[in-house]
Amino acid sequence: MSKTMTLTLQIWRQRSANTPGSMQTYKLEGVNEHMSFLEMLDVLNAKLTKEGQDPVAFDHDCREGICGSCSMVIDGRPHGPRKGTTACQLHMRTYKDGDTITIEPWRAKAFPVIKDLVVDRASLDRVVAAGGFVSVNTGVTVDANATPIGKKDADEAMDYAACIGCGACVAACPNASAMLFTGAKVGHLVKLPQGQVERRGRVLRMVEQMDREGFGACTNHRECSEACPKEISFDAIELLNREYMRAHVTGE
Amino acid sequence: MTDAKRPGRLSTLAQSTIGAKIVMAVTGVILVGFLVVHMLGNLQIYLGPDTMNHYAQTLKGTPALLWGVRAVLLVSLVLHVLAALRLKKINNEARPQAYAVPRRYRVTTPAARFMLLSGLVVLAFIVYHLLHFTIGATNPADFNLHEVLDVATQTWVRNDNEQLLAKLPPEMVRHDVYSMFVRGFTNPLIAGTYLVAQLLLAMHLSHAVASMLHTLGLSKGLDARQRNITIGRAIAAVVVLGNISFPIAVQAGLVHL
Ligand code: HEM
Ligand code: SF4
Ligand code: FES
């Protein structure tokens with residue numbers, strides 16, 4: 001038989017972007033230890049709806065740790081206490097009966113709150129749109145092994161490509177910097193032959209966009225890579241620094 | 001958009017956050033390098049008055065080099081502080097609304113979080129230190145000490161007779177830095193001030209050196225990063241232990257007039 005628990009939840013409630021929010025306290029009984037964190041919030045919302053209250057708005061989509069939607073800071077940590085784990089993959093067995101859990105949205109100028117725990121992360125999309133792609137003519141399917149790539153490069157590119165754009169790195173950073181995210185996107189493409197043609201312009205444009213979005217500057221606290229649910233290495237930031245310097249040194 | 005569309009000019013470097021970080025790191029290398037040399041040079045206090053005063057005399061004997069180094073240090077310090085203030089402003093604005101529940105950090109250190117504070121204390125200390133030992137404005141009685149070359153014995157002898165000093169050729173007079181140093185640190189308040197300032201410098205450097213290596217992209221991989229963090233702390237410890245040994249040695253009577 002699975003255990004159930006009673007929890008005290010303190011959740012950030014905010015009606016809209018322009019209204020001030022505050023932490024509200026809720027008591028939730030009968031939380032099953034096998035529930036995911038988001039299922040626990042579903043149970044709370046069902047209860048709130050039944051009581052005629054506004055349910056807690058939170059972002060979610062895949063619920064399997066791959067889409068990056070489930071942005072929430074749980075007990076002062078983006079995605080909660082478990083390393084390498086998104087909020088949707090966090091299970092209530094991590095907690096025990098009687099626990100108090102605080103939940104609030106990502107806090108950054110570049111991530112304005114839309115409602116409750118939902119923030120607008122389009123700033124990250126604009127950083128990618130500024131250069132996080134390769135320009136190729138599509139239509140013809142290229143043979144999968146037409147372009148040989150060394151094992152080491154392929155592995156590193158895959159590690160950087162694991163970034164799901166969740167923004168936890170920004171949320172975790174004392175400076176709300178998006179260097180880990182941007183570094184992962186730059187790193188992913190710079191490790192591949194396809195990424196070489198636009199290598200220089202890419203990093204310059206992406207960093208320019210990153211700054212324009214109002215993200216902070218990295219001061220090497222290394223909190224981002226510790227909070228990242230995909231465990232993107234801090235190497236991404238050093239790579240971004242190197243690529244950025246290289247782009248200036250190799251100016252045409 | 002074509003690739004050539006964004007020219008990577010110096011102006012874009014100067015405006016970007018990464019550019020400001022690079023300015024901090026490069027000026028930081030220069031300042032740390034100076035700190036190491038400065039501390040090693042001052043270790044000569046343990047070799048006695050003649051060695052110390054000869055060292056000071058040699059430095060002052062090459063004014064072009066002395067002023068060249070001073071200019072580089074001043075420019076570095078000014079750029080370092082300006083970049084620090086600019087980044088601090090950007091970083092404060094990047095999170096207009098603070099977390100309702102304090103963030104629980106995993107790896108960062110108080111040293112890393114209070115860099116501006118430790119930096120500003122160090123800046124205040126640098127100003128005081130220059131007034132104290134370089135310009136002699138705060139304690140002129142301990143500063144205006146000289147030695148005169150006794151031609152017969154070829155030794156340097158303390159002499160504070162202003163009229164005599166003014167008449168002698170410059171190569172026969174030198175600043176008695178050793179006595180200035182000892183008299184300066186005999187005052188427990190001054191010794192204490194230096195000690196406290198050095199502890200804040202230790203705090204600054206314990207994050208700064210590794211941070212600089214990361215900013216320059218020189219710590220690839222977890223092991224290299226951990227190693228650079230250790231190296232950074234070791235450099236901070238060596239510089240500051242060397243520096244604080246001076247007021248302590250004087251207070252303990254190990255170095256005396
Ligand atoms: C002896 C003088 C100083 C030395 C040797 C020194 C050294 C350094 C170094 C090496 C860094 C690392 C740069 C990087 O992360 O890339 C740094 C960062 C920093 N310094 Fe200094 N610094 C000195 C004085 C100051 C002063 C006077 C201030 C006052 C505003 C200051 C404020 C800062 C700040 C805010 C940072 C950035 C913090 C960070 O990146 O985490 N420093 N310093
Ligand atoms: S680097 Fe990690 S924390 Fe940052 S957006 Fe990507 S997956 Fe999320
Ligand atoms: S809901 Fe997709 S990663 Fe959590």
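Need pairs with beta-carbon distance below 6 Å; first residue farther than 15 Å from A:Ala129 by Cβ and at pLDDT 95 or above and within the range A:203-219, second in a loop (DSSP other than H, G, I, E, B) and within 16 Å of ligand 3 (Cβ to nearest atom); sequence gap 6+ or separate chains.
Short answer, once both residue conditions are applied: none.
Using the structure shown, decide if A:Ile164 is within 13 Å of chain B (Cβ to nearest Cβ), away from ligand 1 (no atom under 16 Å from the Cβ) and among the β-branched types (Val, Ile, Thr). Steps first, answer last, please.
Values: within 13 Å of chain B (Cβ to nearest Cβ): no; away from ligand 1 (no atom under 16 Å from the Cβ): yes; among the β-branched types (Val, Ile, Thr): yes.
Criteria not met by A:Ile164.
Restricting to the range A:52-62, and then to whatever is touching a residue at least 24 places away in the same chain (Cβ under 8 Å) and within 16 Å of ligand 2 (Cβ to nearest atom), can you tell me which residue is farthest from the other protein chains (Cβ to nearest Cβ)?
A:Cys62
State the number of residues belonging to the range A:14-73 that are within 16 Å of ligand 3 (Cβ to nearest atom) and among the aliphatic types (A, V, I, L, M).
Of the residues in the range A:14-73, the ones within 16 Å of ligand 3 (Cβ to nearest atom) are A:35-42, A:45, A:56-73.
From what's left, among the aliphatic types (A, V, I, L, M): A:35, A:38, A:40-41, A:56-57, A:66, A:72-73.
So the answer is 9.
Among the helices (runs of 4 or more DSSP H) confined wholly to the range B:142-237, which include 1 or more residues that are more than 25 Å from the chain's Cα centre (by Cα)? It would help to see each step written out before you state the result.
On the way: elements: B:162-167, B:177-186, B:188-215.
Ranges flagged: B:162-167.
Here's a check for you: in the range A:167-198, which residue that is closer than 18 Å to A:Arg82 by Cα and within 11 Å of chain B (Cβ to nearest Cβ) is nearest to ligand 1 (Cβ to nearest atom)? Write out each step before concluding.
Restricting attention to the range A:167-198, the residues satisfying the condition of being closer than 18 Å to A:Arg82 by Cα are A:167-173.
Still in the list and also within 11 Å of chain B (Cβ to nearest Cβ): A:170-173.
On the way: A:Val170: 17, A:Ala171: 19, A:Ala172: 16, A:Cys173: 12 Å.
The selected residue is A:Cys173.
I'd like the full set of residues that are small (Gly, Ala, Ser), away from chain B (no Cβ under 14 Å) and free of Cβ contacts under 8 Å to residues at least 40 places away in the same chain, limited to the range A:1-51. Steps first, please.
Initial filter on the range A:1-51 (small (Gly, Ala, Ser)): A:2, A:16-17, A:21-22, A:30, A:36, A:46.
Checking which are away from chain B (no Cβ under 14 Å) leaves us with A:2, A:16, A:30, A:36, A:46.
If the condition is that a residue be small (Gly, Ala, Ser), away from chain B (no Cβ under 14 Å) and free of Cβ contacts under 8 Å to residues at least 40 places away in the same chain, then A:Ser2, A:Gly30, A:Ala46 are the ones that fit.
Among what's in the range B:99-114 and is within 7 Å of chain A (Cβ to nearest Cβ) and of a type in the set (A, V, I, L, M), pick the residue that is nearest to B:Val26 (Cα to Cα).
At the first step, the residues of the range B:99-114 found to be within 7 Å of chain A (Cβ to nearest Cβ) are B:99-108, B:112-113.
With the extra rule that they be of a type in the set (A, V, I, L, M), the set shrinks to B:100-101, B:107, B:112.
Details: B:Ala100: 37, B:Val101: 36, B:Val107: 25, B:Ala112: 18 Å.
Checking each candidate, the answer is B:Ala112.
Which condition number in (1) surrounded by fewer than 24 Cβ atoms within 10 Å (Cβ to Cβ); (2) under 30 Å from A:Gly76 (Cβ atoms) is the one that A:Lys185 fails?
Condition (1) is where A:Lys185 drops out.
The values are calculated or read from the model by the stated rules, or taken from the named source; none is laboratory data. Since this is a predicted model, take the numbers as computed values, not measurements. Positions of Cβ are backbone-derived with ideal geometry, glycine not excepted, and every protein chain shown enters the neighbour counts.
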